[in-house]
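Scroll down for the structure; my scribbles are underneath it.
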Amino acid sequence: MTASLTQDRALYWLERWDRQQEFYMPDREERFAVIGDVLAELVPRADPLIVDLGVGPGSLARRLLDRFPGAKVVGVDADPLLLGLAELAYGGDRFRTVFADLRHYSWYEALGLDRAPDAFVSTTALHWLDRLPLRELFAQCGKALEPGGVFIDGDHLYEGEAGPRLDTLTRSLTKRRTVRAGVRRDEDWAAWWEAVAAAPELAELVAARAGGFAHEVTARPSVHDYLGFLREGGFAEAGTVWQVGDDRIVTGIR
């Protein structure tokens with residue numbers, strides 16, 4: 001990491017990330033809040049240990065740390081650039097990052113946890129996994145959690161073959177919601193990455209990311225796969241607890 005990449009500059013890039021993400025998820029902050037609500041309802045500990053799967057730049061982790069002062073969050077991801085920004089911006093006694101690929105069985109051991117986590121959480125990340133690695137991931141989560149532990153994922157999730165017209169409808173509803181919310185599109189996802197690639201202070205992280213995680217999905221899971229895989233993985237209950245358009249939160253209770 002170059003000396004010119006300060007915490008303030010990392011926070012600058014993460015603020016730009018949040019703004020461009022809002023166009024795709026006009027209710028993004030509500031999604032974060034509901035994930036926190038689920039944790040508040042189902043995890044009684046004042047000092048929960050939370051694992052953020054596909055933590056990316058730490059958007060969800062930061063909000064959970066703010067909401068739960070006693071919580072610790074371990075974020076795992078395979079993108080060294082996003083991890084580097086998150087670690088510099090938010091890293092400390094309550095938040096640390098781990099570089100690991102969730103598609104490989106060794107990801108959980110790489111976390112180096114000293115006790116079973118109370119919750120696995122994720123947002124806008126697991127849709128990059130094909131059906132088989134997602135199924136294996138959920139099975140590992142089920143084994144790691146104690147009874148009563150929770151899994152919470154917020155993402156764009158779809159009916160798949162069971163409901164193509166419903167999927168078209170929910171995508172359209174999200175677009176209508178974006179218009180009503182008045183979300184501005186000053187910068188999209190691609191433009192953010194183009195700006196990052198041109199930023200001198202990020203050159204080292206950009207180089208570390210070159211040839212990294214392949215964002216290719218050939219067997220996309222449906223929302224029914226998500227819920228079925230959670231139940232197969234040892235979760236006693238699994239369901240959708242929140243939905244606006246195609247944006248959903250699914251939850252499994254161990």
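Values quoted throughout were computed directly from the atomic coordinates according to the rules given, and no laboratory measurement underlies them. None of the values given here were measured: they were computed from a predicted structure. Every residue, glycine among them, receives a Cβ derived from its backbone with ideal geometry; neighbour counts consider all protein chains shown.
A few comments on the model shown:
- Note on Gln7 and Leu173: the model spin-label points, each 7 Å out from Cα along the C-beta direction, lie 4.2 nm apart.
- Per residue, the convex hull spanned by the Cα atoms of the range 165-240 measures out at 192 cubic angstrom.
- Taken as Cα centroids, the range 182-254 and the range 91-166 sit 11 Å apart, rounded to the nearest whole angstrom.
- Residue (of Pro164, Ala197, Leu230) at the positive-pole extreme of the range 124-254, dipole from beta-carbon charges: Pro164
- For trypsin sites (Lys or Arg not before Pro), the sites in the range 28-95 that DSSP calls loop and that have at most 13 other Cβ atoms within 10 Å are Arg45.
- Structural descriptor for the chain: relative contact order 25 percent, calculated from alpha carbon pairs under 8 angstrom and at least 6 residues apart.
- Taking trypsin sites (Lys or Arg not before Pro) across the range 168-225, the ones in a DSSP loop with at most 14 further Cβ atoms lying within 10 angstrom of their Cβ are Arg184, Arg185.
- Sum of -39500 (n - 2.57) over DSSP H runs of 4+, divided by residues of the chain (222 nm, nearest 500): -14000 deg cm²/dmol
- Amide H contacts of Leu157 (H built 1.01 Å from N, in plane; Pro and chain starts excluded): Arg248 sit under 5 Å, all sequence-distant by 5 or more or on other chains.
- Angstrom value of the Kirkwood radius, inverse mean 1/r, which spans all Cα pairs in the range 1-138: 15.5 Å
- Sequence-distant contacts, meaning Cα pairs under 8 Å at least 6 residues apart, place the relative contact order of the range 148-254 at 49 percent.
- Placing unit charges on the Cβ atoms only, positive for Lys and Arg and negative for Asp and Glu, gives the chain a dipole magnitude near 420 debye about its Cα centre.
- In the range 124-254, the ratio of gyration radius to Kirkwood radius, Rg to Rh, stands at 1.04 when only Cα atoms are counted.
- Model label sites at Asp47 and Ala181, defined 7 Å from Cα along the beta-carbon direction, differ in position by 3.6 nm.
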